[in-house]
Amino acid sequence: MIKTVLMAGGKGSRIRPLTLSRPKPLIPVANRPMIEYVVEKIKKSDSSELVVTLSYLKNQIKALLQKDYPDMNITYSVEKKALGTAGGVKHASKYIDDTFFVLSGDVLVDVDLNKLLDFHNEKNALATMVLTQVQDPSHFGIATLDNENQIIKFLEKPSSQEVFSNLANTGTYILEPEIFDYIDGRKCEMDFSKDIFPQLIEEKAGIYGFMFDGYWNDVGRPKTYLQANYDVLNKKITPEPPGKKLKEGVGKLGDIWVGKDVEIDEKVRIIGPVAIGDGSVIERGCTLGKNTVIGENTYLEKNSTIKGSVIFPDSTIKDSSCLKDCIVDSGCCVEKGSFIEKGAILGSSVQLGPFSRVRSKRSIYNSVVILPDSIVDSDYPIVT
């Protein structure tokens with residue numbers, strides 16, 4: 001049994017406004033906080049010791065882990081300022097005295113940690129990086145391996161002209177404590193990909209790549225966030241959404257997970273996979289299409305249509321509204337006859353006036369009020 005360092009201190013700026021009121025690891029994926037998918041994976045490897053690096057909105061993460069995982073031995077390493085991935089792990093080094101995993105609290109990866117450990121020990125490696133093949137390497141760090149799976153070349157987020165490999169860094173590592181000798185704790189911020197791994201390669205210190213072809217999603221953008229929800233609904237990654245499966249019947253087809261105290265009118269049409277959170281109400285004439293997630297205590301008024309969208313808890317969608325492949329944060333009110341297009345995001349407590357339309361990929365930040373009959377074709381930033 002070895003310890004796992006779980007990095008959970010980032011601000012998640014690329015997926016705002018969802019991270020304005022919560023840390024990124026607590027964004028719900030199919031009605032379950034994202035970090036729980038990672039912790040469940042760690043538990044499956046028979047590891048019960050966690051060192052969690054925290055900074056942004058740290059108390060929210062602490063409260064959740066203490067409530068949901070009382071059986072685990074969890075230590076918290078709090079950063080007063082941004083230290084980077086390597087700097088944050090160095091800051092937690094006083095809790096580490098042997099081989100350890102490093103995982104991200106906002107990256108979903110279905111790698112077998114025990115097989116990763118076996119590979120690491122077999123290679124007698126200082127550092128092992130989990131790699132997977134991707135179609136577009138420009139968003140990630142990329143690597144080249146020799147015949148022994150040792151990494152001989154690495155570059156973080158190359159331009160299209162710099163791409164030399166389609167093997168991407170998944171942000172999942174296993175390291176020896178000697179790695180701390182390479183991390184200068186006096187520097188303001190140090191990153192594994194930019195500062196540490198290139199140095200290890202140059203010195204031939206023993207950094208290896210573990211090839212992985214299973215599920216991985218770096219949930220950093222609205223598109224990949226929606227995809228993570230779809231993948232849970234389609235059982236590409238476990239655990240399944242909370243709730244009990246609804247029996248198929250007239251107008252109710254596919255996998256439909258329903259939480260406690262949910263009210264669904266008999267004239268509602270649901271085509272799964274769909275997840276519906278505790279305490280939600282779905283009125284007559286509504287249609288829920290494939291890949292839809294309805295959060296807890298959400299109210300869908302009559303004749304509304306929701307397809308491929310994620311609605312966070314405590315929101316109200318009023319009658320005859322239509323949401324397609326979009327994200328609605330908690331506490332929103334979408335007034336009647338409104339339409340939210342593909343890739344759009346409503347931040348928490350947004351009031352969208354009746355008969356309004358939010359264009360594709362637009363973001364409305366927290367607590368903004370949109371007047372009736374509006375067409376939102378540009379982002380609404382934070383009002384300071």
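The values are calculated or read from the model by the stated rules, or taken from the named source; none is laboratory data. Every value quoted in this text rests on a predicted model; they were computed, and no experiment measured them. When we count neighbours, we look across all protein chains shown, and the Cβ atoms used for this are built from the backbone with ideal geometry, even at glycine. In case anyone asks, the SASA skips ligands and DNA or RNA and just uses the protein heavy atoms, side chains included. Shrake-Rupley method; radii C 1.70, N 1.55, O 1.52, S 1.80 Å.
Among the residues of region 340-357, count how many are within 24 Å of the chain's Cα centre (by Cα) and in a strand (DSSP E or B).
3
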Just to be sure I understand, how many residues within region 215-238 are of a type outside the set (S, T, N, Q), within 18 Å of residue 38 (Cα to Cα), modelled with pLDDT of 90 or more and open to solvent by 20 Å² or more (accessible area, probe 1.4 Å)? 5
If you scan region 319-334, which residues turn out to be more than 15 Å from residue 226 (Cα to Cα) and either assigned to a loop (DSSP other than H, G, I, E, B) or of a type outside the set (A, V, I, L, M, F, W, C) (or both)? 319, 320, 321, 330, 331, 332
Search result, residues across region 165-190 that are in contact with a Lys or Arg (Cβ under 9 Å, 6 or more places away or on another chain), crowded, with 21+ Cβ neighbours inside 10 Å and within 20 Å of residue 117 (Cα to Cα): 179
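Condition check ((1) in contact with an Asp or Glu (Cβ under 6 Å, 6 or more places away or on another chain); (2) over 20 Å from residue 278 (Cα atoms)) across all residues:
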residue	(1), (2)
295	no, no
307	no, no
315	no, no
322	no, yes
329	no, no
342	yes, yes
347	yes, yes
Residues located in region 7-44, provided they are among the charged types (D, E, K, R) and surrounded by fewer than 24 Cβ atoms within 10 Å (Cβ to Cβ): 11, 14, 16, 22, 32, 36, 40, 41, 43, 44
So for region 313-320 (the condition being β-branched (Val, Ile, Thr), under 20 Å from residue 364 (Cβ atoms) and either modelled with pLDDT under 95 or out of contact with any Lys or Arg (no Cβ under 7 Å at 6 or more places or on another chain) (or both)), does at least one residue qualify? yes
Under 8 Å by Cβ, and 6 or more places apart or on different chains, what pairs join a residue from region 56-67 that is more than 14 Å from residue 34 (Cβ to Cβ) and without any contact (Cβ under 8 Å) to a residue 12 or more places away in the chain with one that is open to solvent by less than 70 Å² (accessible area, probe 1.4 Å) and among the aliphatic types (A, V, I, L, M)? 66/74
Could you tell me whether any residue of region 68-79 is open to solvent by 10 Å² or more (accessible area, probe 1.4 Å), hydrophobic (A, V, I, L, M, F, W, C) and either in contact with a Pro (Cβ under 6 Å, 6 or more places away or on another chain) or assigned to a helix (DSSP H, G or I) (or both)? no
Evaluate region 353-374: report whether one residue or more is open to solvent by 40 Å² or more (accessible area, probe 1.4 Å) and in contact with a helix residue (DSSP H, G or I) (Cβ under 9 Å, 6 or more places away or on another chain). yes
When you go through (1) in a strand (DSSP E or B); (2) within 15 Å of residue 357 (Cβ to Cβ) one by one for residue 337, which number turns out not to apply? (1)
For region 239-256, enumerate the residues that are over 26 Å from residue 33 (Cα atoms), open to solvent by 50 Å² or more (accessible area, probe 1.4 Å), in a loop (DSSP other than H, G, I, E, B) and not charged (D, E, K, R). 250
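Quick grid of which residues meet (1) surrounded by fewer than 20 Cβ atoms within 10 Å (Cβ to Cβ); (2) within 26 Å of the chain's Cα centre (by Cα); (3) under 15 Å from residue 340 (Cα atoms); (4) not hydrophobic (A, V, I, L, M, F, W, C):
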site	(1), (2), (3), (4)
284	yes, no, no, yes
298	no, yes, no, yes
308	yes, yes, yes, yes
319	yes, no, yes, yes
Here is a list of conditions, (1) open to solvent by 60 Å² or more (accessible area, probe 1.4 Å); (2) in contact with a Leu (Cβ under 7 Å, 6 or more places away or on another chain); (3) under 27 Å from residue 96 (Cβ atoms), and residue 162 meets all of them except one; can you say which number that is? (3)
Which members of region 72-122 meet the condition of being under 21 Å from residue 36 (Cβ atoms) and either of a type in the set (Asp, Glu) or free of Cβ contacts under 8 Å to residues at least 24 places away in the same chain (or both)? 106, 110, 112
